[in-house]
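Throughout, read-outs are computed from the coordinates displayed, never taken from laboratory work. Everything quoted here is computed from the prediction, not taken from an experiment. Note: ideal-geometry Cβ built from the backbone for every residue, glycine included; neighbour counts use all protein chains shown.
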Ligand code: MN
């Protein structure tokens, strides 16, 4: 029997019940039953965390138990992972060390706990670069043992589920980081259910009102969807019964976050989102060998009932997605004239779709040649990227992140080999995906036998032949043409190597030059040169000189040197002429400093700030990137000069700041008195007619008394499109304007541009 660790027996009972639930879940799984080890880990963790409570007031041990529960129930992992999950905060929060864990639980569990300890807290904590270093370590550990990241995912999910007890600025930081890195990682690992929940929870904390509105609308339309679903699936069930197949048909309702995302990107109201309902058919194969053919046979049956959309069939059966997803997607026309997507997948495929690659392990028993191929390939890419160390941790993260969300296309090599690449990838990406040499010497490509530049975007089904030249070299602007993590990482690595060479040559040349001119090679002299050329440091000076030498070619260097040495009295000026160095302009920054924002005393990020006429004019700055107006969900970011910049919560720049410099995020709320006006942008669309424009401006200026800043109109083939920049007080103004403009005959869309 366990000793009493909590003074409160209700707590004691709650902890015990949570653990029993975990044990039961584990015992009902397909894993080998190592119950004793789990009990041992539980008792150890419980002892280690005794007396400590979470912010919510619960005994701390409830958190590791909950994480272990997710690991077992929702990711489908076994005893090693469950133990590591139970122990995941022990090293971080108590006096026990990784060695202690290793002595008691062995090297495997200790290794996983160690990986988890290294990345505890956020991926980026107070010291962004050190934490990004840790993130790299995590990715390395992950390529050795994927369970580290899977448990980390469970940890984050539980923290998101209990985020309500945190202070608002912490909520934004954690929610932001979750959306920025954990949801994409979950997607990449195929943990679809967890990804969706993480997105929804982030959305809920960042935009509570919109979240609630969408929830309400989903509830209001539920009955309607049920009827549609029943009517649509009735004939399908009949057919499947005739086939003698075992199946389950489910409604897939789009998540609030995805709905909101679509409303934002397409500028449409909830009512115009047509794919809220999808239908999922999950079947048990008739025979072990017929899993794939059963799927297509089901499709054939369905296409006899409903007309299929010719362009919307997606065969993820023969070409699984990189995250392992397999299914056949078809879009069918219901008898009421609506397109409905139907996803057909076997039970096995469904498990993988919901739980990701971990689900593979469930089917692993007695089957050694399972295909984790795509995951392995991805982990290899990560390893390759890690092999080229990047000095800037944030750039590195961006590079990795790029490839997390991308969906795939298929292209062919000239020999007919199939290659899978992310959507929107270019010929250059393709070249790098085959070989670094091919990429770095690429001058263009032939796509379907037609000549295209390296920046050409590839389409699924393209046949691509890469053209190279030995004299071709990697150019800095190639970074803009590359979309895959691999190509980007290779390009920056090559450019960096080149820069180091420039630097070396530049330094040698300069020293030779100084010696030849009897000038001292002191740091003071070098500093003078750096300042004179308006460069950041001596490395930049050496690089600039080296680059110039390269550009002019070797023969010319002597000529330059001669010219320079001919007049050594004014050597600073002379040096600047032949090398033509240019520096960055730091004037802008200075101007901003001189502008004299009254920096208020040290900003306490724990206290939410209130935005009103007074504070906005004197202390806070409205961000240029997203132009928030009163009523928008916003947050503040404390910049290097202790000023608070106000961003919209969904602003991409703010997302990056939340993830990288979360401790500088401060919660902000509007409290304005409708005196200040802010710029907002509306886009209009409709069918053109005579008088349309005057109707629009009439409403704006006469009826609503709104000040128009800028108006652009374009009419093409009878379609009227316009952009208006106008001054408003707040979000309410925008709503009124939208309502009034929607009354203009012919005007179909009025949307605020975010
Ligand atoms: Mn934890």
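Between residue 145 and residue 694, how high is the FRET efficiency from 1/(1 + (r/R0)^6) when r is the Cβ-Cβ distance and R₀ = 45 Å? Nearest 0.05. E between residue 145 and residue 694, to the nearest 0.05, is 0.10. Could you work out the percent of alpha carbon pairs in the stretch 150-273 separated by over 19 Å, rounded to a whole number? Roughly 59 percent, once rounded to a whole number.
Distance between Cα centroids, the stretch 431-479 to the stretch 11-69: provide it in whole Å. Each part reduced to its Cα centre gives a spacing of 54 Å. Take the Cα of residue 539, step 7 Å toward its Cβ, do the same at residue 473, and the gap between the two points is 2.0 nm.
The length gained by stretching the chain between residue 424 and residue 242 to full extension, at 0.36 nm per residue less their Cα-Cα distance, is 61.2 nm.
For the Cα trace of the stretch 267-326, dividing Rg by the Kirkwood Rh returns an Rg/Rh value of 1.05.
Among 619-628, 37-46, the peptide with the highest mean count of other Cβ atoms within 10 Å heads the list, and the full ranking is 37-46, 619-628. Normalised size of the stretch 643-754, defined as Cα radius of gyration per 2.2 N^0.38 Å with N residues, equals 1.30. With coordinates expressed along the principal axes, the C-alpha atoms belonging to the stretch 1-85 extend over 37, 27, 19 Å, beginning with the largest.
Here residue 607 and residue 193 are evaluated by their C-beta separation; at R0 = 35 Å the FRET efficiency comes out at 0.45. Legend: calculated FRET efficiency, residue 21 to residue 95, from the Cβ-Cβ distance at R0 = 25 Å, rounded to 0.05, equals 0.30.
Given their separation in residues at 0.36 nm each and the Cα-Cα distance between them, residue 8 and residue 528 gain 180.1 nm when the chain is fully extended.
Based only on Cα atoms, what Rg/Rh ratio does the stretch 691-739 have, Rh being taken as Kirkwood's radius? That ratio equals 0.99. Taking every C-alpha pair closer than 8 Å and separated by at least 6 residues, the mean separation divided by the residue count of the stretch 4-116 gives a relative contact order of 25 percent. Computed extension length for residue 319-residue 289: 9.0 nm, one decimal, from 0.36 nm per residue of separation with the Cα-Cα distance subtracted. Working from label points 7 Å from Cα in the Cα-to-Cβ sense, the residue 719 to residue 748 distance is 0.8 nm. Our summary gives the stretch 46-93 a relative contact order of 33 percent, counting only alpha carbon pairs under 8 angstrom and 6 or more residues apart.
Using a Debye calculation, one point per C-alpha and no hydration shell, please list log10 I(q)/I(0) for the stretch 210-276 at q = 0.13, 0.16, 0.19, 0.25 Å⁻¹ in order. Reported log10 I(q)/I(0), two decimals: -0.48, -0.64, -0.78, -1.07.
With a simple spin-label model that places each label point 7 Å from the Cα along the Cα-to-Cβ direction, the separation between residue 707 and residue 167 comes to 3.8 nm. Put in line by how crowded their Cβ is, counting other Cβ atoms within 10 Å and starting with the fewest, 105, 432 read 105, 432.
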